[in-house]
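J.: Right, I'll just put the structure down here and ask away after.
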Amino acid sequence: MEMANHKLSKLAENLTLRSVSKLSEKIDKKNQQGGKIFNFTLGDFLPQQFAIPSLLEEEIIKAYKGKNTNYPFVSGVEELRTAISEHIKYHGQFEYQPEDIIVASGARPLIYLLFKTLVDPGEKIIYTTPSWNTQYFIYLANAIPVVITTKPENGFLITASDLKPYIKEAVLININSPLNPCGTILSKHALQEIFDLIVEENIQRSATKQKPLYVFFDIIYWFLVYNEIQYINPISLNPKIKDYIVFVDGISKCFAATGVRVGWAFGPQTIIEKMRSISAHLGAWAPKPEQIGTAKYLKNYHAVTTFLSTFKKEIFDRLNIFYITIQKLKNAGYKVDAIEPQGALYLSIKLDIIGAKTKDNKTLANVEDILEYLLEEAKTALVPFYFFGMDENMPWFRLSAGTCSTEEAKTAANLISHAIQKLSVT
């Protein structure tokens, strides 16, 4: 039977997908064929290892049993927006009222709403690489990407000097800290310099009635910080930035609730109101029972603090197992490295082994060969940084620690270590 010649929109035809989930599908097929593959590719949690908070689960179930299954308000149920306002103030000294907040079904629709609210087709958005999926949202907004490639010596984080040459081109900049995929955090000094630069730029734009440079600040991992690092309220560094910044947050990462789909954004009320207007036509709201359950949970500060204390330790312990293993290999003279865990659930690992030979004399000619070698020899799967916009031969990889037990982390780390030691370098 002859296939129909479907003529699609240019947007659909040109939207490419280099998705971590597609890589994970390949790994699942290998698992189904027998044998155990340790999958460290997805920025997700295995519920058997990291369940959502029990109180959150109970309150969501109660809300369903209470027949709260009609439409929620477009901006989010008032109880939840009030709880979020109190939650971000208590834990982060953010001063935002319920009317400055919009709730949606996770962070992704909020990013889309924000981009469509602030950016006209053909305008420019600055983002850095490596970073998570930003380029796809820019494409959906019909905007033009301005890409800044960051450096490993800066933890793959943007600096003011990186930004300065591009600052006059764009109307929006994306900042993410703690950073996906690297698990690194912008320092107080670095963030202050960036905000000072943006505020000064906006003072100049205001004088000539130009559109400001807005900031989309992704703080979805802000509770997950380690090694005595304290999360800094970004607005405290330069209060004038508050007029131009919108934060996106939610329960997906910091409460292991990726599938529950409750996210929120907060920022200047005029921006939030327009995001609500677009959301009303998309139907991007989170289910009402999940909103009510989340509101009840966030109000219980003791439950939140207790959960986070245990949760953070368990994530860090797993990351640290891999970090220590890589550092031992590095100290033994192998061409590997890792950035000490700072935040999120990720570890940045450098495997500078292109050109090495396996025990059967096969040369690892590129990053793809390294991935295949780890799958076969170490039974582990990592994500190369080229999935996040970097050069295809850059030998850096993301390891996500949300899908394994501590014992599995130890086993996988040993497998990686043994696989590296089996290689010969000419």
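J.: Which of the residues spanning the stretch 100-119 are of a type in the set (A, V, I, L, M) and in a helix (DSSP H, G or I)? Walk me through it before giving the result.
T.: We begin by selecting, within the stretch 100-119, every residue of a type in the set (A, V, I, L, M); these are 101-104, 107, 110-111, 113-114, 118-119.
Of everything in the stretch 100-119, those that are of a type in the set (A, V, I, L, M) and in a helix (DSSP H, G or I) turn out to be Ala107, Leu110, Ile111, Leu113, Leu114, Leu118.
J.: Going by the structure shown, is Asp28 under 30 Å from Ala409 (Cβ atoms), assigned to a loop (DSSP other than H, G, I, E, B) and of a type in the set (Asp, Glu)?
T.: Here the answer is no, as Asp28 does not meet what is asked.
J.: Can you work out which of the residues in the stretch 389-416 that are polar (S, T, N, Q) and buried (at least 19 other Cβ atoms within 10 Å of the Cβ) is farthest from Phe156 (Cα to Cα)?
T.: So the residue we want is Thr403.
J.: Of all residues in the stretch 44-65, which are in a loop (DSSP other than H, G, I, E, B) and either under 20 Å from the mean Cα position of the chain (by Cα) or in contact (Cβ under 8 Å) with a residue 40 or more places away in the chain (or both)?
T.: Narrowing the stretch 44-65 to residues in a loop (DSSP other than H, G, I, E, B): 44-53.
Hits for the stretch 44-65 are Asp44, Phe45, Leu46, Pro47, Gln49, Phe50, Ala51, Ile52, Pro53.
J.: Would you mind telling me which numbered condition in (1) among the hydroxyl-bearing types (Ser, Thr, Tyr); (2) within 21 Å of Phe316 (Cα to Cα); (3) modelled with pLDDT under 95 Ser417 fails?
T.: Looking at each condition in turn, Ser417 falls short on (3).
J.: When both residues are 6+ apart or on different chains and their Cβ atoms are under 7 Å apart, which pairs have a first residue that lies in the stretch 354-366 and is farther than 14 Å from Gln421 by Cα and outside the structural domain of Asp391 (by TED's automatic domain parsing), and a second that is assigned to a loop (DSSP other than H, G, I, E, B) and among the small types (Gly, Ala, Ser)?
T.: Qualifying pairs under 7 Å: none.
J.: Ok, one more. Please count how many residues of the stretch 354-388 are surrounded by fewer than 20 Cβ atoms within 10 Å (Cβ to Cβ), out of contact with any Gly (no Cβ under 9 Å at 6 or more places or on another chain) and assigned to a loop (DSSP other than H, G, I, E, B).
T.: So the count comes out to 8.
J.: Here's another thing I want to ask about it. Does any residue of the stretch 322-333 turn out to be within 14 Å of Phe40 (Cβ to Cβ), outside any helix (DSSP H, G or I) and among the small types (Gly, Ala, Ser)?
T.: First, pick out the residues of the stretch 322-333 that are within 14 Å of Phe40 (Cβ to Cβ): 322-323, 325-326.
Restricting the remaining residues to those that are outside any helix (DSSP H, G or I) gives none.
Checked the stretch 322-333: no residue is within 14 Å of Phe40 (Cβ to Cβ), outside any helix (DSSP H, G or I) and among the small types (Gly, Ala, Ser).
Listed here are the residues, each with its yes/no results for (1) of a type in the set (Asp, Glu); (2) within 23 Å of Phe388 (Cβ to Cβ); (3) buried (at least 24 other Cβ atoms within 10 Å of the Cβ); (4) assigned by TED's automatic domain parsing to the domain that holds Leu157.
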{"site": "Leu179", "(1), (2), (3), (4)": "no, yes, yes, yes"}
{"site": "Leu237", "(1), (2), (3), (4)": "no, no, no, yes"}
{"site": "Thr258", "(1), (2), (3), (4)": "no, yes, no, yes"}
{"site": "Lys274", "(1), (2), (3), (4)": "no, no, no, yes"}
{"site": "His281", "(1), (2), (3), (4)": "no, no, no, yes"}
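The values are calculated or read from the model by the stated rules, or taken from the named source; none is laboratory data. Just so you know, these numbers come straight off a predicted model, no measurement behind them. As a convention, Cβ positions derive from the backbone with ideal geometry for all residues, glycine included, and neighbour counts pool all protein chains shown.
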